[in-house]
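Heads up: the structure comes next, in structure tokens.
Nothing in this text is a laboratory measurement; each read-out follows from the coordinates by a stated rule. Please read all numbers here as calculations on a predicted model, not as lab measurements. Please note: Cβ atoms are built from the backbone with ideal geometry, for glycine as well, and neighbour counts cover all protein chains shown.
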Amino acid sequence: MVEKIVIIGGGPAGLSAAIYASREGFEPLVIAGFAAGGQLLLTTVVENFPGFPEGIDGPEIIVKMREQAEKFGTRFVNENVTAVDFSSRPYRILVDEKTYEAETVIIATGADAMLIGLESEKKFMGRGVSSCATCDGPFYKGKSVIVVGGGDSAMEEALFLTRFASSVKLVHRRDSFRASKIMQEKVLHDPKISVIWNTAVDEIKGDRKVESVVLKDVNTGQKNELPIDGVFVAIGHKPNTEIFKGKLEMDAKGYLVTKNEVETGMEGVFVAGDVYDSYYRQAVTASAGGVKAALKVREYFANHQ
Ligand code: NAP
């Protein structure tokens, strides 16, 4: 059987594409991955998702979107795609032993925030550790936080957090920033931000939520413990594009390159969400991307009857 649409990815981009495509009667197949749901599964309350004034838990958004997609006829498999073959039509999508064939494909595999790699970082994710200041900053009114990183994201997150936190410490592993000059200047002149240079986070401690971090001077190895309420990790993102290497155009960081927002160079292959968008990275913008991709698929079928 050749599927009309296969959507790869079960986060807000893939699920929004599925809702639209299934409502049009295309009965899409979503290959959602083992950890279906994407970055929203790592968050707790989401306060900026329109329509939920009381806030809604990230995983609950995924459950509801999935229900909505299923209601209109979307089918799901929770498996990881291991390879794709776009060299001839129908396109082939490989999942372990099985191969799916599709007339069109929407790629919504997302991106993952890079993490420092500490066990405690995972343990406290959503309970004091965050990889998104836009999402979680407002929870830290009057609290003290650190931001880890030295690139533009870390600068941007630190500056944003000054609106809420009483103090923001920027912890960077070297003695100079990678960020653009203008962002560095803003940070260095902000009275609420102090920089801790040449320092790595060695451990994150707490009982039920983050209470302190152990910082380590990378030159001397000396450690000291700093009481803190929040740890914002801003050391970059990695798009999930391994399986598309050599098949679709991507930039130096591995983000898919698109034209007209959602089109790849490959006919009938569309893109949505963080897998190409390294700038906005919000559930709502990813959702919007999914909708655009689904509408493009509709246009594709209208032109290929
Ligand atoms: P980035 O430029 O790759 O910077 C990552 C930072 O994290 C670097 O300072 C790096 O340290 C540090 N880092 C990496 N791994 C680490 C680890 N394991 N432990 C501790 N620190 C670690 O990533 P980004 O800041 O997310 O920016 C990504 C791209 O988006 C950039 O091109 C950036 O210019 C752009 N961006 C632009 C804006 C804006 O213009 N407003 C805002 C955000 C992002 P080292 O410096 O030592 O390598």
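Observations
- Taking label positions 7 Å along the Cα-Cβ direction at both Asn224 and Ser278, the computed distance is 3.5 nm, reported to one decimal.
- Charge sum, other residues only, whose C-beta stays under 10 Å from Ser130's C-beta, Lys/Arg counted +1 and Asp/Glu -1: -1
- Of all DSSP-defined beta bridges confined to the chain, some 45% are antiparallel rather than parallel.
- Annotation: aspartates and glutamates with alpha-carbon distance below 15 angstrom to Lys192 (same-chain offsets under eight excluded): Glu156, Glu157.
- Axial C-alpha extent at least 27 Å, average Kyte-Doolittle at least -1.0 - helices from the chain (DSSP): 283-303
- Net charge over other residues, Cβ less than 12 angstrom from the Cβ of Val84 (K, R count +1; D, E count -1): 0
- Modelled this way, with points 7 Å down the Cα-to-C-beta line, the labels at Met114 and Ala302 are 4.2 nm from one another.
- Cβ-Cβ distance of Ala83 and His189, R₀ of 35 Å, FRET efficiency by 1/(1 + (r/R0)^6): the value works out to about 0.10.
- Cα gyration tensor shape for region 115-233, rounded if a/c is under 1.5, else prolate or oblate: oblate
- Chymotrypsin sites (Phe, Trp or Tyr not before Pro) within region 1-79, DSSP loop, no more than 12 other Cβ atoms inside 10 Å: Phe34
- Efficiency of FRET between Lys205 and Glu60 - r from beta-carbon atoms, R0 35 angstrom, step 0.05: 0.75
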